[in-house]
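First comes the structure, then the notes that go with it.
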Amino acid sequence: MVIRNTSMSDRNLEQIMEETSKDDTLQTLTRLIIDGWPDEKNEVPKEVFEYWNFRDELSNVNRIILKGEKIIIPTSMRKNMLNKLHEGHLGIEKTRKLARDSIFWPGINAQITDFISKCSVCLESRRSNTKEPMAESETPELPWMTVGTDIFYWNINNYLIIVDYYSRYFEIAKLENIRASCVITHMKSVFARHGISSKNLLD
Ligand SMILES: [Zn+2]
């Protein structure tokens, strides 16, 4: 098997190999990949629990761990990777897309969102953009500040979809019924996880 990961230079790969060998969790993971996984999740060490669901996609090539064709980045290099991914100060979705083809670690998407929402360069440029009234109505300043919601019916169930206008991230919740109280309960739980929405553009 060959690493077909063109976005990584050789020097980077060497560093990833080096750091993977020093990363305790990734070393546990390497042993499981080589020796085989047990039948039950509770038989694996806790630190690799978050890899369990996609254990079949994992492989070990030249001391680097791959998930499909994506390189699993050791913990010590993740912060640096976030910096690199966000070098051009692209938005959350574009940055995620950039990562999606080449690198992975558990929780990477949430960390990208968090990293960008705290980026001072992006915050400053959003602040100056939102001084224009036109832009203000289009781009919220912060994630989960403005959301759109809709209810759709699929496969005998009703679903609530909530879209964050800032990141275009969306969440879907299955509804027990379409009474307002039920919809509001689901919306509250989504908002509680992301912070409170100040504007809800209900259709
Ligand atoms: Zn930025």
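The values are calculated or read from the model by the stated rules, or taken from the named source; none is laboratory data. Note that the coordinates shown come from a computational prediction; the quantities given were computed from them, not determined experimentally. Every residue, glycine as well, gets a Cβ built from its backbone with ideal geometry; the counts of neighbours run over all protein chains shown. SASA here: full protein model, heavy atoms, side chains in, ligands and nucleic acids out. Shrake-Rupley method; radii C 1.70, N 1.55, O 1.52, S 1.80 Å.
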What is the distance, in nm, between label points placed 7 Å from the Cα along the Cα-to-Cβ direction at residue 62 and at residue 188? 5.4
Rank these residues by their accessible area, most exposed first, probe 1.4 Å: 25, 75, 149. 75, 25, 149
Toward the positive end of the charge dipole of segment 10-117, about the Cα centre and with charges on Cβ (Lys, Arg +1; Asp, Glu -1), which of 27, 91, 109 goes farthest? 91
Rounded to two decimals, the Debye log10 I(q)/I(0) of the chain (Cα scatterers, no solvent) at q = 0.08, 0.12, 0.15 Å⁻¹ is -0.39, -0.80, -1.04
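Taking R0 as 25 Å, what FRET efficiency do you get between residue 109 and residue 181 from their Cβ-Cβ distance, rounded to the nearest 0.05?
On the way: r = 31 Å, r/R0 = 1.25.
In this case the efficiency is close to 0.20.
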Relative contact order (%) - criterion: Cα under 8 Å, at least six apart; region: segment 1-117: 27
Let me check I've understood the local charge: for residue 12, count other residues with C-beta under 13 angstrom from its C-beta, Lys and Arg +1, Asp and Glu -1. What total comes out? -2
Report, in debye and to the nearest 20, how large the dipole of the chain comes out about its Cα centre when Lys and Arg carry +1 and Asp and Glu carry -1 on their Cβ. 340
Please give the per residue accessible area of segment 10-117, computed with a probe of 1.4 Å over protein heavy atoms only, in Å². 56
What's the extension gain from residue 159 to residue 76 if we count 0.36 nm per residue and subtract their Cα-Cα distance? 25.9 nm
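Could you size up the charge dipole of segment 10-117 around its Cα centre, putting +1 on the beta carbon of Lys and Arg and -1 on that of Asp and Glu, and report it in debye to the nearest 20? Before the final figure, lay out each step's value.
Details: 16 positive and 19 negative charges, 84 e Å.
About 400 debye.
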Output the 0 to 90 degree angle, nearest 10, between the alpha-carbon long axis of helix 75-85 and the longest principal axis computed from the alpha carbons of the chain. 50
Compactness check, segment 1-92: C-alpha Rg relative to the 2.2 N^0.38 Å globular estimate gives 1.15
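Hey, what did the chain get for relative contact order, percent, Cα under 8 Å, at least 6 apart? Can you show the working numbers first?
Values: 229 pairs, mean separation 27.9, N = 203.
Relative contact order here is 14 percent.
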Ignoring ligands, DNA and RNA, what percent of the accessible area of the chain is carbon or sulfur (1.4 Å)? 51
Label model pair residue 101, residue 126: point-to-point distance (7 angstrom along the Cα→beta-carbon line) in nm is 2.6
Pairing the Cα long axis of helix 24-35 with the longest principal axis of the chain, what angle in degrees results, from 0 to 90 and rounded to the nearest 10? 60
Let me check I've understood the local charge: for residue 57, count other residues with C-beta under 11 angstrom from its C-beta, Lys and Arg +1, Asp and Glu -1. What total comes out? +1
List the cysteines of the chain that have no other Cys Cβ closer than 4.7 Å: which are they? 182
Note down the net charge around residue 109, summing +1 for each Lys or Arg and -1 for each Asp or Glu among other residues with Cβ under 12 Å from its Cβ. +1
So how tilted is helix 10-22 from the main axis of the chain? Cα-based, degrees 0 to 90, rounded to 10. 80
